[in-house]
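**Q** Here you go, one structure.
Only the coordinates and a few stated rules stand behind these numbers; no lab work does. Just so you know, these numbers come straight off a predicted model, no measurement behind them. So basically every Cβ, Gly included, is an ideal-geometry build from the backbone, and we count neighbours across all protein chains shown.
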Amino acid sequence: MKALPFYRNTFFTRLILSFTALAVVLLGLTGGYLYTQANQMMVDEIARDSQRRLVTAKDYVEQTLLRKYEENLQNKAVTTILTRSSSNLNYLLNNSWSENLDRVLSLQQDLEIFKTTIEGASNITVFFHQGNYVVSSDLFFENPENSTDFVFIEGLPQMTPNRWMVRTLPDGKQAMTYIVKLPYGIRGPSPKGYLYVDVDMEYLKQAVSKIMHSSFERFYIFDANGNLILQTTGANPEDVGLIRQAIRSGKTVTQINDSLSGTFVLSHLAGQESEHSWTYAMDRPMNSFVLDTKKLKTKIFVACCLMLVFGLAVSYLISKRFYLPMKKLIQHVRNLYQPGLNPGHANEYMIIGNALNFMDQKIVSLESQAKKNEMKNLVMGASLSLEHVDGLLQDCLYQVVHIQLIDGDSETFKMRYEQFDFPVPCEIVCLNPQEAAIIFFLDSRAEADDGVIAVGLDKFQDEVRGELRFGAGIGSSVESAEKIPLSYRVAHQAYRYRFMYGHETIIPHSRISVFDPKPPQISLGAFQNTLKAGDVESVNELIDEFAAVLMERNIQLESVELALLQLVSALYETIIELELQQIVPPSNLFDELKKDTLADTIASIRNLSERIGVHVRDSVKHNQAGVIFKLKAYIDEHLHEDLSLNILSEVASLAPSYISTLFGEVMTESFTEYVTRIRLEKAAHLLQEEDKLSVTEIASLVGYRNLQYFHVKFKARFGITPARYRQTKQTSSAAN
């Protein structure tokens, strides 16, 4: 047996190791060279493919994606070079907005339709220099300073037209903007206006991303100054910096090693090949391709591995015949257990002796584990004929506490509690990582009092705070070990009251056993009525009263859940009655609203009730606005007739005083003020457009039977008489 150490000190072992090391070095050198060549082939192949795709991407971006906006915008602007064109855009370039509100509104609608038909356009805006006002597809501003885009509009004269630029919109979004001077084609420094379109950058990114073959590829566009215009995926500043350096080097293809992104191949098209002098770049990770070169790498790696395995097999066959008998014995021992000693520093007998030692310790460990399992089965009631039940203290009362770990695990809880100084003897059973049970052994001669156990657990909570967090339910005391499962079930039932008192509470069964089983009386009708009325404040007051009743009165948990279910049912009935299923899905409503605690459940019910109340309240306001807009349309169509609140009352079937109140709230001006303003504005329009109508006829058409009264009202609003107003407008039109 003394030859065994010689074997370990090794002629054959060293022979095997030397052959393996030589094989690894030779195969590493050969494989590394071939791998490098294959890698270069991959880079060249990726580069050629990337250049073709960059040309395709450039044509798509400039000739397809952006060109559609340029052509549509130019077609819109072409009408401004036709001096006889009657388009709203051409007309408003030479006229103020104040007398042409109908044209302004028509132009705004035209721009809105124009924006809708061009996918990706976020806004179309026209700035009229002569009238100093702005019309966009969304809004009309009498003064550009009122526009959120005023800073950009103010800088339009310094910007280059008919070019794309990147900017940040007032709402913080990125956009590409294309500007056209009006009239179209003007070259002078003082155009009559500007027309520009904003294209959402996110839309452009998504559109360009569709031509990418893989989510791993990243596509970039830089302007002539090297600023990043667009990228298909997020990139950190280090990536962008590396790409800029590669572009400045002049090489169209560069292999870059990045600590964050790995190895990737960068290809780019110079700005000379772009109409906008933009540089297009694309980086593609090396590991995202399945190419012929990658297959070659795989073959090289497999061949090297096969050669290495072959060398190891030869070495193994040489040594096998010298060590086979002892190897079988050692293998048998290792199948039983893993020895603690390092085989390189121990002979076979030491390994076998250590194996026996290990087996002895394993037997002790298994016995301990068996005791734990039997105690666990005892608590859970899985078996009552247990060997270790006899090990429990006899002639005493048993009281079980259910422990629920919130932070920490049951093993740590057991270790810390065993260090805790508590006068009542106990046995701690770990049921699972988050649950444990404590079996307390009480003096049968003393009166059972779970208050002592509750106080002790409170002190233990304070001692381990910051390390462990737990809650507990204390069961009833029982006279025999066979009834321990009953005490545990009672403790588990008591801990269910964490729903009312919180997860870290300690709840004795004696406390909840006297709770009232009757559910509280709640006013469901009042709750439903306040919901239907949209009175959010009253709804919250009723919910607060309901929650206070549940918390202040000692009510059994089942009754609390029943009361909550009744409240949720009333809420559900209201949802169905008001046809608000679009706000709350009707299925499993109680499961959705019930949370871990009563406070959280009340909060979820309150949140849903507020949403319903706000929806009802807003719906009422919307209906009121609809009535006023209907009456407004009636007024606009019957200006030539007598108009009064009584007449509107008959039209809307509402009281005149109520109509007056609603009119002021919705229109922000009184009924009389609105009628006077609309009549005088229509009269001003007729004075300007209808030369054949006399002032008297126009006064009658807008509802004024007294010509003198009409003169007084008109002059009060416009500062001049109707005749003077007509003369002034005619003179202004002739001058233009």
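**Q** Using the Kirkwood formula on the Cα atoms of segment 655-736, what hydrodynamic radius do you get, in angstrom to one decimal?
**A** Here the Kirkwood hydrodynamic radius works out to 13.9 Å.
**Q** Do any chymotrypsin sites (Phe, Trp or Tyr not before Pro) in segment 402-467 lie in a loop, going by DSSP, with at most 16 other beta-carbon atoms within 10 Å of their beta carbon, and if so which? Present the calculation step by step, with values, prior to reporting the outcome.
**A** Working: sites: Phe413, Tyr417, Phe420, Phe440, Phe441, Phe460; in loops: Phe420.
Filter output for segment 402-467: Phe420.
**Q** Between Ala603 and Thr20, with labels modelled 7 Å along Cα→Cβ, what's the label distance in nm to one decimal, could you check?
**A** 6.0
**Q** Glu669 to Asp138: FRET efficiency via 1/(1 + (r/R0)^6), r the Cβ-Cβ distance, R0 22 Å, to the nearest 0.05?
**A** Efficiency for this residue pair is about 0.35.
**Q** Right, next: Report, largest value first, the span of the C-alpha coordinates of segment 82-206 along each principal axis, in whole Å.
**A** Cα extents, longest axis first: 41, 29, 28 Å.
**Q** Further question: In the structure displayed, which of Lys414/Lys459; Lys76/Lys115; Lys115/Lys205; Lys376/Lys594; Lys376/Lys595 lie more than 22 Å apart, Cα to Cα? If you can, show how the numbers build up before the last one.
**A** Numbers: Lys414/Lys459 15 Å; Lys76/Lys115 12 Å; Lys115/Lys205 19 Å; Lys376/Lys594 32 Å; Lys376/Lys595 30 Å.
Result: Lys376/Lys594; Lys376/Lys595 exceed 22 Å.
**Q** Arrange the following residues from fewest to most other Cβ atoms within 10 Å of their Cβ: Met165, Met415, Met282.
**A** Working: Met165 15, Met415 11, Met282 24.
Going from sparsest to densest Cβ surroundings: Met415, Met165, Met282.
**Q** Something else now. Pop the C-beta distance of Glu273 and Phe150 into the FRET formula with R0 = 41 Å and round what comes out to the nearest 0.05.
**A** E(calc), rounded to 0.05, equals 0.65.
**Q** Could you give the length gained on full extension between Lys595 and Lys376, defined as 0.36 nm per residue of separation minus the Cα-Cα distance, in nm? Let's see the in-between values first.
**A** On the way: separation 219, 0.36 × 219 = 78.84 nm, distance 3.01 nm.
The span from Lys595 to Lys376 would gain 75.8 nm if fully extended.
**Q** Residue separation times 0.36 nm, minus the C-alpha to C-alpha distance between Asn225 and Lys414: what's the value?
**A** My answer for the length gained is 61.2 nm.
**Q** Then there's this: Going by the alpha-carbon gyration tensor, a ≥ b ≥ c the square roots of its eigenvalues, is segment 141-201 rounded (a/c under 1.5) or, if a/c is not under 1.5, prolate (a/b greater than b/c) versus oblate?
**A** Working: a/c = 2.27, a/b = 1.29, b/c = 1.76.
The shape class here is oblate.
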